[in-house]
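One structure is given below, encoded as structure tokens.
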Amino acid sequence: MNFGKMFSSKSMRSILAHSWSLSWPMTLIMFCVFVIGLTDVYIAGKFGKEIQAAYGLVFQVYFIFSIVASALSVGSVSVISRLFSSGESRHLTDAVDSSCILSLVAGILAGAAGYFFSPQIIAALRVPEVLKGHAVVFMRIYSLGIVFNYILLNSNAILRACGMVQKSLLTMTIVCVLNVVLNFFFAFGSPLGYQGIAVATLVSTVVGGVLNFIYLRVLMSTRVRFLKEIARKIIVISWPAGILQILWQVGAMVLFLIIAVLPRQAIEIMAAFTNGLKVEAAIFLPAFAFNMANAVVVGNLLGKKQKDEAYAAGLVTACVGVGIVSVMSVVVMMNARWVASWLSDNPVVISECMRYIYISLLFEPLMAWGVILAGGLNGAGDTKSVMIAVTTSVWLIRIPISYFFAIHLGFGAAAIWWSMNASILVQSFFITRRYLGRRWMVS
């Protein structure tokens with residue numbers, strides 16, 4: 001392997017240009033998603049800590065029901081990005097058709113399950129009684145829009161895999177503006193009250209799904225075809241990503257449940273955790289953007305049979321993303337009190353949210369490094385190694401340490417925040433070792 005050639009100034013400029021052309025629209029798309037979530041948390045806080053906590057809990061459940069869509073998008077990007085760069089137009093059309101049908105069917109099934117079994121799901125989580133009624137209401141409304149969320153997620157993945165990421169950005173900008181406006185209107189200007197938070201998401205997601213479908217028509221055949229071979233390939237790549245996300249989101253739910261049984265101020269800490277996750281999501285926007293960009297960059301280069309360039313591109317993309325995340329982490333930590341106070345007026349919630357920010361952001365650059373490299377592995381179709389690294393860190397490190405130190409030894413919420421950092425260290429180590437080993441280049 002010629003590292004001098006691979007990291008030459010000309011090659012480096014080409015890699016950076018390709019990566020940045022995908023990353024900056026993806027960063028703005030992630031910013032749109034963040035603005036929507038932040039607005040939801042802000043409005044929920046205006047209705048009280050119970051509504052804010054219920055929203056945070058249900059949003060985790062909503063993500064669990066959307067996991068198949070996210071997983072399918074990983075498989076779609078891996079398959080379609082390679083076909084797009086290889087010039088196999090007929091196979092590309094078949095892959096787009098098959099991916100869209102997979103996502104539509106899965107979305108219908110997930111939405112129906114979420115709507116009809118909402119009370120049972122919330123009851124099974126054994127959340128505080130004061131939250132249950134609000135949580136069921138949130139979940140049923142969100143479930144009505146799950147099929148459109150599936151369409152939106154999958155179509156965004158296809159668009160970026162085919163060099164149309166700016167169309168995806170246009171859609172998400174419209175979705176963001178519409179969601180924020182409707183959020184305030186439904187919550188404060190209509191009888192819906194706090195339910196308007198979920199209704200705004202439902203309406204905007206429908207609009208976004210329809211817009212993206214219009215864009216995708218140029219990539220689809222006149223008579224849509226579903227090919228089992230392509231669908232099977234997408235699913236083979238997708239299922240580890242799906243299992244990973246299930247275990248990740250269930251892990252997040254378990255953290256909420258551990259917080260719920262803390263002996264003191266459980267509701268306030270749960271609300272602080274919800275707010276802290278939103279703050280962390282803001283800083284992590286570039287990391288997720290570079291993660292998704294890295295998948296496309298690596299997939300495109302592998303489609304052209306340029307393996308060494310794909311390897312170098314993944315490392316360069318990770319370094320750029322880590323630099324951006326590091327700067328943002330420092331800025332947020334320096335303004336932690338202002339940020340926490342903006343999200344809540346409860347002094348306990350503010351104090352605990354600040355502590356979460358100070359602890360969690362210390363390891364944010366390391367988290368970014370692992371996540372962006374994982375994007376490259378996903379683009380290569382090596383989703384199993386990412387699944388093993390992440391699930392090991394969550395279920396053998398994060399959850400056991402959280403429970404043992406926070407509940408059994410009584411160290412409280414701070415022990416949970418530090419256990420999250422410990423799991424990030426383990427996760428990043430395994431992903432880095434896998435990437436540098438380069439076995440994914442032939443997987």
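The values are calculated or read from the model by the stated rules, or taken from the named source; none is laboratory data. This structure is a prediction, so every number in the text was calculated from the model and none was measured. Neighbour counts are summed over all protein chains in view; Cβ atoms, including those assigned to glycine, are modelled from backbone coordinates with ideal geometry. For accessibility, only protein heavy atoms count, side chains too; no ligands or nucleic acids. Shrake-Rupley method; radii C 1.70, N 1.55, O 1.52, S 1.80 Å.
Points to keep in mind about this one:
- Every residue from the stretch 143-166 that is of a type outside the set (A, V, I, L, M) and more than 15 Å from Ile108 (Cβ to Cβ): Ser155, Asn156, Arg160, Cys162, Gly163, Gln166
- Test result for Leu277, buried (at least 17 other Cβ atoms within 10 Å of the Cβ) and not in a helix (DSSP H, G or I): no
- Test for Val339: is it touching a Leu at 6+ places or on another chain (Cβ under 7 Å), open to solvent by less than 50 Å² (accessible area, probe 1.4 Å) and either in a helix (DSSP H, G or I) or in contact (Cβ under 8 Å) with a residue 60 or more places away in the chain (or both): no
- Of all the residues in the stretch 208-232, those that are assigned to a helix (DSSP H, G or I), out of contact with any helix residue (DSSP H, G or I) (no Cβ under 6 Å at 6 or more places or on another chain) and not acidic (Asp, Glu) number 7.
- Considering only residues in the stretch 289-336 that are farther than 24 Å from Ser428 by Cβ and open to solvent by less than 30 Å² (accessible area, probe 1.4 Å), the one that is modelled with the lowest pLDDT turns out to be Gly303.
- Looking only at residues of the stretch 48-58 that are in a helix (DSSP H, G or I) and open to solvent by less than 30 Å² (accessible area, probe 1.4 Å), we find that the one that is farthest from Asn346 (Cα to Cα) is Val58.
- Test: residue in the stretch 135-158 that is farther than 23 Å from Val297 by Cα and among the charged types (D, E, K, R): yes
- Single unsatisfied condition, Leu362 versus (1) under 22 Å from the mean Cα position of the chain (by Cα); (2) assigned to a helix (DSSP H, G or I); (3) surrounded by 16 or more Cβ atoms within 10 Å (Cβ to Cβ): (3)
Every residue, every condition in (1) of a type outside the set (Ser, Thr, Tyr); (2) open to solvent by 40 Å² or more (accessible area, probe 1.4 Å), yes or no:
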{"position": "Thr391", "(1), (2)": "no, no"}
{"position": "Ile401", "(1), (2)": "yes, yes"}
{"position": "Leu409", "(1), (2)": "yes, yes"}
{"position": "Trp418", "(1), (2)": "yes, yes"}
{"position": "Ile424", "(1), (2)": "yes, no"}
{"position": "Arg433", "(1), (2)": "yes, yes"}
{"position": "Met441", "(1), (2)": "yes, no"}
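- The stretch 59-73, subset open to solvent by 30 Å² or more (accessible area, probe 1.4 Å) and among the β-branched types (Val, Ile, Thr), residue modelled with the highest pLDDT: Val68
- Comparison of Leu104, Leu92 shows that the only residue that is at pLDDT 90 or above and either open to solvent by 20 Å² or more (accessible area, probe 1.4 Å) or in contact with a helix residue (DSSP H, G or I) (Cβ under 7 Å, 6 or more places away or on another chain) (or both) is Leu104.
- Counted residues, the stretch 145-195 - those being among the β-branched types (Val, Ile, Thr) and open to solvent by 20 Å² or more (accessible area, probe 1.4 Å): 7
- Ile258 vs. criteria under 19 Å from Asn421 (Cα atoms) and either without any contact (Cβ under 8 Å) to a residue 40 or more places away in the chain or touching a helix residue (DSSP H, G or I) at 6+ places or on another chain (Cβ under 8 Å) (or both): yes
- In the stretch 403-441, the residue that is nearest to Leu244 (Cα to Cα) out of those that are among the aromatic types (Phe, Trp, Tyr) and more than 24 Å from the chain's Cα centre (by Cα) is Tyr403.
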